[in-house]
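Scroll down for the structure; my scribbles are underneath it.
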2 protein chains.
Amino acid sequence: MNERRGIERELKRGSLELIVLHLLAPGEAYGYEIVSKLTSQSNGTLEVTDGTLYPVLYRLERAGFVHVRWETPERGVPRKYYRLTEAGRHELAALTEEWTTFTKAMTKLLRS
Amino acid sequence: MNERRGIERELKRGSLELIVLHLLAPGEAYGYEIVSKLTSQSNGTLEVTDGTLYPVLYRLERAGFVHVRWETPERGVPRKYYRLTEAGRHELAALTEEWTTFTKAMTKLLRS
DNA sequence: CATTATACCTTGTCACACAAGATATATGAC
DNA sequence: GTCATATATCTTGTGTGACAAGGTATAATG
């Protein structure tokens, strides 16, 4: 009881979209790949379940920030590849800016 | 239309409790005072409305992280003063740790 | 005396991270 | 052969918390 659910779940809010856009910046990637990458790195701090990621990707697509391409290999499960659009790059820049501003304000406060 | 609501609202999630605990660390304070302080400083980045803050304070009280004291001056509106408990100080330390870990992971990712 | 500032509280809305389910194919173990 | 695991996608429901928008009451100011 008293679960002590931690604040990581809340901390990710607003940051997750930025994380995904950033991961797509170097080139295209598919959903499962992003989940695996986030799970393996950063000691799981930025770990995300697939049930969380897929809605994010859908939102990004809906907003025009990513372009989607299906790839169906001769053997294997089809993959959905995501690639940043021009609008997506602008959004990435804007979110990075917002995130940095907020974090700087927090850091300044916590040091006072 | 297309409101572009920004991510600041989401970014505050999880951080706000930490902010309040931190502001109470030097000594007691009352709600309206905290709202004013946050509104005036940090270019409004960490600005909070009273409708947001009071529920936070209530949650902190409920969890035993703050102690509450009413002060009714001979003239003027009564104020509700909040002061950290020992459990509150531990929570402050724990949240600071969690926040720092998360932010470091994000910073590392964004630099890659 | 009407407005503004101080100081508190409540209700309803919205967004989103996540758990828990589901589907389908390929591979490896026994 | 079949049973489990890994790959890869998606959906539905739940809980949480920041906020808008309302409310009450007192003191100061023009």
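No lab work stands behind these numbers, since they all come straight from the coordinates. Not measured: the values here are computed from a predicted model. Don't worry about glycine lacking a Cβ; one is built from the backbone with ideal geometry, like all the others, and counts go over all protein chains shown.
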Open item on the list: List, shortest first and in nm to one decimal, how far the label point of B:Arg75 (7 Å from Cα along Cα→Cβ) is from its counterparts in the other copies.
Closed with: 9.0
Task: Positive-end residue of A:Val68, A:Pro26, A:Ser40, charge dipole of chain A with Cβ unit charges - done: A:Ser40
- [ ] Rounded to whole Hz and in sequence order, give me ³J(HN,Hα) for segment B:75-83 from the Karplus expression 6.51 cos²θ - 1.76 cosθ + 1.60, θ = phi - 60°, writing x for Gly and Pro.
- [x] 10, x, 7, x, 10, 10, 8, 10, 9
Task: Per DSSP, loop trypsin sites (Lys or Arg not before Pro) in segment A:11-101 with at most 16 further Cβ within 10 Å - done: A:Arg13, A:Arg75
Task: Amide proton proximity set for A:Tyr81, modelled H, under 5 Å, gap of 5+ - done: A:Arg69, A:Trp70, A:Glu71
TODO: At 7 Å along the Cα-to-beta-carbon direction for both A:Ala87 and A:Asp50, put a label point, then send me their distance in nm to one decimal.
DONE: 2.8 nm
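What number do you get for segment A:26-112 when its Cα radius of gyration is normalised by 2.2 N^0.38 Å, N = residues?
Numbers: Rg = 16.1 Å, N = 87, 2.2 N^0.38 = 12.0 Å.
Compared with the compact-globule rule of thumb, segment A:26-112 sits at 1.34.
With contacts defined as alpha carbon pairs under 8 Å and 6 or more residues apart, what's the relative contact order of chain A in percent?
On the way: 95 pairs, mean separation 30.4, N = 112.
It comes to 27 percent, rounded to a whole number.
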Task: Label point 7 Å beyond Cα along the C-beta direction, distances from A:Leu110 to other copies (nm, shortest first) - done: 1.3
- [ ] Using only Cα atoms, find the angle between the long axis of helix B:15-24 and the longest principal axis of chain B, and express it within 0 to 90 degrees, rounded to the nearest 10.
- [x] 40 degrees
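If you only keep lysine pairs separated by 8 or more in sequence, or across chains, how many in segment A:8-111 come under 23 Å at the Cα atoms? Can you show the working numbers first?
On the way: A:Lys12/A:Lys37; A:Lys12/A:Lys104; A:Lys12/A:Lys108; A:Lys37/A:Lys80.
Count of close lysine pairs: 4.
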Open item on the list: How tilted is helix B:31-40 with respect to the longest principal axis of chain B? Cα atoms for both, answer in degrees (0 to 90, nearest 10).
Closed with: 40 degrees
Task: Beta carbon of chain B nearest to the axis of the rotation taking B to A, residue and angstrom distance - done: B:Arg13, 2
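So between B:Ala94 and B:Ser112, what do we pick up on full extension, going 0.36 nm a residue minus the alpha carbon distance? Let's see the in-between values first.
Numbers: separation 18, 0.36 × 18 = 6.48 nm, distance 2.76 nm.
Going from the current span to full extension adds 3.7 nm.
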- [ ] Distances from B:Ala25 to the same position in the other copies: list them in nm, one decimal, shortest first, using label points 7 Å from Cα along Cα→Cβ.
- [x] 3.0
- [ ] Quick one: dipole size for the protein assembly as shown, taken about the Cα centre, charges +1 on Lys/Arg Cβ and -1 on Asp/Glu Cβ, in debye to the nearest 20.
- [x] 100 debye
- [ ] For chain A, find the longest principal axis of its Cα atoms and tell me its angle to the long axis of helix A:50-62, 0 to 90°, nearest 10.
- [x] 80 degrees
Open item on the list: Give me A:Trp99, B:Trp70 sorted ascending by neighbouring Cβ count inside 10 Å, so fewest comes first.
Closed with: B:Trp70, A:Trp99
